[in-house]
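These notes concern the structure reproduced below.
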Amino acid sequence: MRERLRILYLVDRLDDPARETLAHLGRLVRRFDSALFAPTVVAMHGICADFDRLAIPCEAVSAGISQFKPGWDWLGRARLSRVITEGRFDLVCAYDLSARLLGLPIARAAGIGVCIAGVRDLGHTLTADHLIALRKANAAAARFVVSSSAAAARLVRQERVRRDHVDVIAGGIERIDALPRTSQSVADAKHAFGLSVQQRVIYMESPLERIKDHATFLAAAVHLAPLYPHARFVLMMQESADAVVKLRARAAQAGVLERMMLVDDLSVRARWLQAADVAVLTSMSEGCSDTLLSYMAAGLPIVATSVGGNPELIRHGESGYLFDPGEADALAMRINILLLADDLASRFGAAARERARTEFTVENEVRRFADLYRTLVYTSLGAKREFYA
């Protein structure tokens, strides 16, 4: 009898479809062969009532575990155990902190033969207590899947995971072949925003989180503003009104508010990627950045921090520049080089686009996950079940 492989994904929350973990799961679920895979997503701490199911187009339910006292919420734990048992899942993959701490041991206790821990960041929010608890919970995981070699090294160093138990599968990006980057397309995009071709656009996509280090972006703008009087520093984000007010106040204090353009309309994102002359990422911690992959696919010259998985995406001096986090002078210098040397910027952008097109595609990401899942389950079950070839 041929059956579909039943996968259960555990995540902490489903109320932020823009989060990279959920974007990653959306890519997998959309492209998995429905004849081979049957995925389900369970949110540990509840599901937003108006969650856009198109973000992860499969069954999504809530475990109803308290976010604040997960260790004592025995009703939520019992419900999660029941969901896992009744679902007759072949494989459980847990992302996020609570999902790993609670979900993996519960899945193992429920008799799931293949439990995987998914890690897509460098754990910058983990405390010493978290690490101690994770080391215990990791005993329930057969494998660990990370999005960068930097994340794998962090697991080995901090959580004491064996390196041969870790698989590195980089993220993927949709191809943007319909939007080739040409002088005309850049001019058209700038004109659509009321800018002239001569106005330089320095672009960054980033939520207003401390780890994203917007202060360095603002400081670089201060350095560059006198050199490029008509330049615009564009920040694409979706944040609360209070957060935007605070950022505007900081920009005003730095004297660059009139040069800043704060954009929260994602429908114009692709056009801003066309209008940009240089793309920037100032994060102090990254796994495999979806933002960098978007920059690469758009054919943009990139300046990014040399942290986490960024050096695995950007080859310094070949497809972009890297700089030490917090070094606003170094960021401004590298942006200035790319603004002055159009040929170099074009070469960097073309090299980044080629890497995105050949190495970091959604097809590659989905294929590698599908192969891993099937191998692990088949090895666990032996010849008990027959799967499609």
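Overview of results
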quantity: Cα-based shape type of the stretch 183-358, given that a ≥ b ≥ c are square roots of the gyration tensor eigenvalues and the cut on a/c is 1.5; calculated: rounded
quantity: Long-range amide H partners of residue 234 with built H, under 5 Å; calculated: 202, 203, 204, 261
quantity: Residues of type aspartates and glutamates that residue 136 reaches as a straight line, Cα spacing below 15 Å, ignoring anything fewer than 8 places off in the same chain; calculated: 159
quantity: Computed FRET value (nearest 0.05) for residue 230 with residue 209, which takes r as the C-beta separation and R₀ as 41 Å; calculated: 0.85
quantity: Sites residue 380 and residue 354, calculated FRET efficiency, Cβ-Cβ separation with R0 56 Å, nearest 0.05; calculated: 0.90
quantity: At R0 = 30 Å, FRET efficiency that the Cβ-Cβ distance of residue 66 and residue 242 yields, to 0.05; calculated: 0.65
quantity: Helix-only CD estimate at 222 nm, as mean residue ellipticity for the chain, using -39500 (n - 2.57) per DSSP H run (n ≥ 4); calculated: -12000 deg cm²/dmol
quantity: Rounded to whole Hz, the Karplus (6.51, -1.76, 1.60) HN-Hα couplings of the stretch 209-219, x for glycine and proline; calculated: 10, 4, 5, 7, 6, 5, 4, 5, 4, 5, 5
quantity: Whole-Hz couplings from phi, Karplus 6.51/-1.76/1.60, listed for the stretch 362-369; x for Gly and Pro; calculated: 4, 4, 5, 4, 5, 4, 5, 5
quantity: Among (i) 34, 27, 20; (ii) 40, 22, 19; (iii) 54, 22, 17, the entry derived from the coordinates for semi-axes √(5λ) of the Cα gyration tensor in Å; calculated: (ii)
quantity: Gained length - residue 139 relative to residue 198, 0.36 nm times residue gap less alpha-carbon distance; calculated: 15.5 nm
quantity: 13 Å Cα-Cα reach of residue 246 towards aspartates and glutamates, excluding residues that sit fewer than 8 places from it in its own chain; calculated: 209
quantity: Full-extension gain in nm, residue 271 to residue 36, via 0.36 nm per residue minus C-alpha separation; calculated: 80.9 nm
quantity: Other-chain or far-sequence residues with amide H under 5 Å of residue 37's (modelled H); calculated: 5
quantity: Which of 185, 283 has the fewest Cβ neighbours within 10 Å, and the rest in rising order; calculated: 185, 283
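Rule-based calculations on the coordinates, nothing more; no lab input. Predicted model, so just to flag it, every value in this text is computed and none were measured. So basically every Cβ, Gly included, is an ideal-geometry build from the backbone, and we count neighbours across all protein chains shown.
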